[in-house]
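The values are calculated or read from the model by the stated rules, or taken from the named source; none is laboratory data. Source: prediction; values computed, not measured. Note that each Cβ is placed from the backbone with ideal geometry, even for glycine, and that neighbours are counted across all protein chains shown.
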């Protein structure tokens with residue numbers, strides 16, 4: 001039972017490392033951006049896992065219900081804003097990739113490096 | 001117990017989807033899978049009692065992010081170059097780090113432990129003081145816009161900065177924010193009957209729901225970030241079905257730029273108004289004679305600012321990608 005309660009952390013570790021692996025070993029820049037998104041989502045999962053309280057509910061106060069237990073609102077606030085910032089930075093990364101493709105004609109990073117070395 | 005098992009099932013699906021995203025050589029299917037990944041993530045957030053975060057992830061991750069990646073893919077090659085991706089050293093390092101992190105997890109408090117350190121610090125104070133100091137039901141909104149208003153101001157400016165960056169990289173220069181506008185009239189999907197009819201039925205409700213999420217965010221899950229993303233999803237659907245040109249006629253580029261900057265400006269001026277009325281930067285209590293009413297005014301105005309900036313920036317980014325040849 002105690003072990004099942006740690007499952008979220010294991011998934012966090014695995015997702016984080018899947019993202020990092022793809023970031024290191026994939027050559028395609030669009031794929032790298034997706035890997036970064038997976039890496040980022042893993043961190044979100046970690047924060048939200050920490051916010052949960054047993055027997056709790058979403059932190060919205062209902063009138064007339066006494067002694068409610070709430071999950072921790074603070075990690076939720078941080079992650080809520082982080083998701084929107086995440087999409088903006090992903091879009092920025094993607095814009096850079098599009099510009100690179102227009103200049104180099106490829107989005108594979110080894111080919112781009114090779115072209116840079118030649119010139 | 002049931003919730004825990006559903007959670008484990010969803011998390012396992014999440015890992016499978018992530019592996020599939022990394023393995024797939026066809027980037028188009030990888031993008032579709034990443035939409036599924038976000039949707040599963042939103043379900044997990046919902047199970048973990050984070051309704052606001054789930055709403056954001058569903059709107060932003062599964063909706064807007066997928067469309068942006070597709071728009072980016074339209075401009076770059078749709079498949080990955082084959083082979084030579086597996087490197088022994090990186091596999092070893094990643095495997096070792098994963099095992100280390102799993103080993104470290106045994107020192108973590110279990111899921112939902114009420115005595116966990118994260119539950120002991122400032123969170124009880126926020127939960128206890130929100131009804132007294134701010135008096136709105138949604139504690140997440142209260143923390144986001146009042147207690148931690150500085151953070152949120154910073155985030156809004158990060159979003160604005162990212163938007164400016166994309167416009168610099170992909171925009172068409174001064175007076176012509178999106179490259180292709182007049183030269184190219186796109187029909188969108190208007191030749192397809194079913195998407196056209198469905199979209200016509202859905203769009204008004206999506207926009208109405210966005211407004212509801214915006215202005216009801218103090219009482220239910222929601223707020224400027226989610227509302228902005230949902231509104232953008234509605235307009236994107238419109239431009240997919242009716243074509244770029246019409247969507248840009250509905251909200252012209254000039255208006256979008258003003259919305260992006262104006263929202264952040266509105267947020268900042270609420271802070272300055274606090275100083276002018278004799279308080280601190282972003283102190284809403286001084287905005288009205290009754291401190292609690294002041295908080296309400298401040299929160300509604302800054303949420304409006306957040307909503308405007310998020311809508312403006314995300315739509316500008318979408319058009320910047322979609323209007324490029």
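What residue, of B:135, B:49, is on the phi > 0 side of the Ramachandran plot, more than 9 Å from chain A (Cβ to nearest Cβ) and surrounded by 13 or more Cβ atoms within 10 Å (Cβ to Cβ)?
Unique residue meeting the criteria: B:135.
Check whether at least one residue in the stretch B:65-88 is touching a residue at least 12 places away in the same chain (Cβ under 8 Å), at the interface with another protein chain (Cβ under 7 Å from one of its Cβ atoms) and closer than 26 Å to residue A:50 by Cα, and report yes or no.
yes
Among the residues of the stretch B:71-84, how many are part of a helix (DSSP H, G or I) and surrounded by fewer than 18 Cβ atoms within 10 Å (Cβ to Cβ)? Steps first, please.
Taking the stretch B:71-84 first, the residues part of a helix (DSSP H, G or I) are B:71-75.
Adding the requirement that they be surrounded by fewer than 18 Cβ atoms within 10 Å (Cβ to Cβ) leaves B:74.
So the count comes out to 1.
Quick one: residue B:305 ticks every box in (1) surrounded by 21 or more Cβ atoms within 10 Å (Cβ to Cβ); (2) free of Cβ contacts under 8 Å to residues at least 12 places away in the same chain bar one, so which box is it?
Going through (1) surrounded by 21 or more Cβ atoms within 10 Å (Cβ to Cβ); (2) free of Cβ contacts under 8 Å to residues at least 12 places away in the same chain one by one, residue B:305 breaks only (2).
I'm told residue A:2 meets every condition in (1) in a helix (DSSP H, G or I); (2) facing chain B (nearest Cβ under 7 Å); (3) over 19 Å from residue B:96 (Cβ atoms) except one. Can you identify the failing condition by its number?
So residue A:2 meets the others, but not (1).
If the Cβ limit is 6 Å and pairs must be 6+ apart or interchain, which residue in the stretch B:111-138 that is farther than 17 Å from residue A:77 by Cα and assigned by TED's automatic domain parsing to the domain that holds residue B:296 pairs with which residue that is part of a helix (DSSP H, G or I) and modelled with pLDDT of 85 or more?
From the stretch B:111-138, the pairs are B:135/B:292.
Pick from the stretch B:1-23 the residues that are buried (at least 19 other Cβ atoms within 10 Å of the Cβ) and farther than 16 Å from residue A:57 by Cα: which of them is farthest from the other protein chains (Cβ to nearest Cβ)?
B:17
Is it true that some residue in the stretch A:62-81 is more than 7 Å from chain B (Cβ to nearest Cβ), modelled with pLDDT of 90 or more, closer than 30 Å to residue B:77 by Cα and not in a loop (DSSP other than H, G, I, E, B)?
no
State all residues of the stretch A:45-61 that are free of Cβ contacts under 8 Å to residues at least 40 places away in the same chain, assigned to a helix (DSSP H, G or I) and either within 25 Å of residue B:28 (Cβ to Cβ) or within 7 Å of another protein chain (Cβ to nearest Cβ) (or both); if no residue qualifies, say none.
Selection gives A:45, A:48, A:50, A:51.
Here are the criteria: (1) at the interface with chain B (Cβ under 9 Å from one of its Cβ atoms); (2) closer than 18 Å to residue B:55 by Cα; (3) modelled with pLDDT of 90 or more. Tell me which single one residue A:30 does not satisfy.
(2)
Looking only at residues in the stretch B:39-64 that are free of Cβ contacts under 8 Å to residues at least 24 places away in the same chain and not in a helix (DSSP H, G or I), which one is farthest from residue A:87 (Cα to Cα)?
So the residue we want is B:49.
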